């Protein structure tokens, strides 16, 4: 007899039976401002039920348990009282599962913590960024993107201090991480943090973290890929601000664009040419907008034509233009060292 399948079937029957008895689902309670003692007791029952399913480690149970626990937070109007109470109970139940030897369990548990989006659930994700297993670190970084997405779409249950802690953890993560895919996910999380409490400077911190990564000794990650992504994000931030980006944001955008030009020059003969051409265009556009925002030099008048230099594989021409750009960035209004 397959005991795993039998256990799964029994759990399914219990869930169906409880629904038939008319007990409120977590989704039903998600929009309630006032939670009764009966509501809290029902949250406990359902949290225990679904975390037990996840703990079995079987793919179907993990999937079903995760979906049951994340669905309430997908509702249009999740109240802070529900998020805090359900989050308190969930974090207590999920914490031991985030370090499970079963990566499937750990990753899906972190995903739930991201949807909860509270101070305590964020702490689980920050710890997850330090896990020695790449899939679990990826799960933690992705869950932070979900946490900040939740903070943008409903009443946030995190503070400016929480956002600051997460951004610091992501900066540390980027500094130590070798896998460009994981760093790319961390970039996504930091960009999404912009709309979270205290997250206004998140793009600036992301850009500078990538610059430090690219400049670091033995930057094992794919510098061109991660710097290109950072530049695109900063370009979009500048465009979205309609010329009113804070000076610090414009300087950070210019700095990471300059770093991308350095990476392009270093990889002109080894990297994919189309990727380099695209990156060169993004870098020049970002520099132009940043300088305009700061009332700096007319970058367009410099006629850098970086993409053309890359297309022609003109190493000398690209090097000369790079030197011109770096000289501009060291002067007013950028003053980048």
Positions within the stretch 49-84 being over 17 Å from residue 143 (Cα atoms) and modelled with pLDDT under 95, in sequence order: 75, 76, 77, 78, 79, 80, 81, 82, 84
Return a yes/no flag: does the stretch 315-337 have any residue that is closer than 18 Å to residue 237 by Cα and surrounded by 16 or more Cβ atoms within 10 Å (Cβ to Cβ). yes
Which listed residue, of 248, 258, is out of contact with any strand residue (DSSP E or B) (no Cβ under 8 Å at 6 or more places or on another chain), in contact (Cβ under 8 Å) with a residue 24 or more places away in the chain, closer than 22 Å to residue 212 by Cα and surrounded by fewer than 22 Cβ atoms within 10 Å (Cβ to Cβ): 248
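A quick yes/no check of all residues on (1) under 16 Å from the mean Cα position of the chain (by Cα); (2) modelled with pLDDT of 90 or more; (3) closer than 21 Å to residue 269 by Cα:
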| residue | (1), (2), (3) |
| --- | --- |
| 212 | no, yes, no |
| 216 | no, no, no |
| 220 | no, no, yes |
| 223 | no, no, yes |
| 237 | yes, yes, no |
| 245 | no, yes, no |
Out of 275, 250, 271, 279, I need the residue that is assigned to a helix (DSSP H, G or I), in contact with a helix residue (DSSP H, G or I) (Cβ under 6 Å, 6 or more places away or on another chain) and closer than 17 Å to residue 227 by Cβ. Which one? 279
Any residue in the stretch 52-74 that's closer than 18 Å to residue 95 by Cβ: show its pairings with residues that are outside any helix (DSSP H, G or I) at Cβ separation under 6 Å, as long as the two are six or more apart or on different chains. 57/102
Which of (1) under 23 Å from the mean Cα position of the chain (by Cα); (2) buried (at least 22 other Cβ atoms within 10 Å of the Cβ) is the odd one out, the single condition residue 67 does not satisfy? (2)
Restricting to the stretch 111-135, name every residue that is in contact with a helix residue (DSSP H, G or I) (Cβ under 9 Å, 6 or more places away or on another chain) and surrounded by fewer than 23 Cβ atoms within 10 Å (Cβ to Cβ). 111, 119, 120, 123, 126, 127, 130, 131, 133, 134, 135
Regarding residue 171, is this residue in contact (Cβ under 8 Å) with a residue 24 or more places away in the chain and under 19 Å from residue 210 (Cα atoms)? yes
Among (1) closer than 25 Å to residue 134 by Cβ; (2) surrounded by 24 or more Cβ atoms within 10 Å (Cβ to Cβ), there is one condition residue 175 misses while meeting the rest; what is its number? (2)
Just wondering, is there one or more residues in the stretch 204-213 that are within 16 Å of residue 172 (Cα to Cα), part of a loop (DSSP other than H, G, I, E, B), in contact (Cβ under 8 Å) with a residue 24 or more places away in the chain and assigned by TED's automatic domain parsing to the domain that holds residue 273? no
Only unsatisfied item for residue 304, checking (1) surrounded by 16 or more Cβ atoms within 10 Å (Cβ to Cβ); (2) in contact (Cβ under 8 Å) with a residue 24 or more places away in the chain, is (2)
With the structure loaded, tell me whether residue 192 is assigned to a helix (DSSP H, G or I), buried (at least 17 other Cβ atoms within 10 Å of the Cβ) and in the same structural domain as residue 246 (by TED's automatic domain parsing) or whether it fails that test. yes
If you go through 163, 227, the only one that is at pLDDT 95 or above, in a helix (DSSP H, G or I), more than 15 Å from the chain's Cα centre (by Cα) and surrounded by 22 or more Cβ atoms within 10 Å (Cβ to Cβ) is 227
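The values are calculated or read from the model by the stated rules, or taken from the named source; none is laboratory data. In this text, all values refer to a predicted model and were calculated from it rather than measured experimentally. Methodologically, a virtual Cβ is constructed for each residue, glycine included, from the backbone with ideal geometry; neighbour enumeration extends over all protein chains shown.
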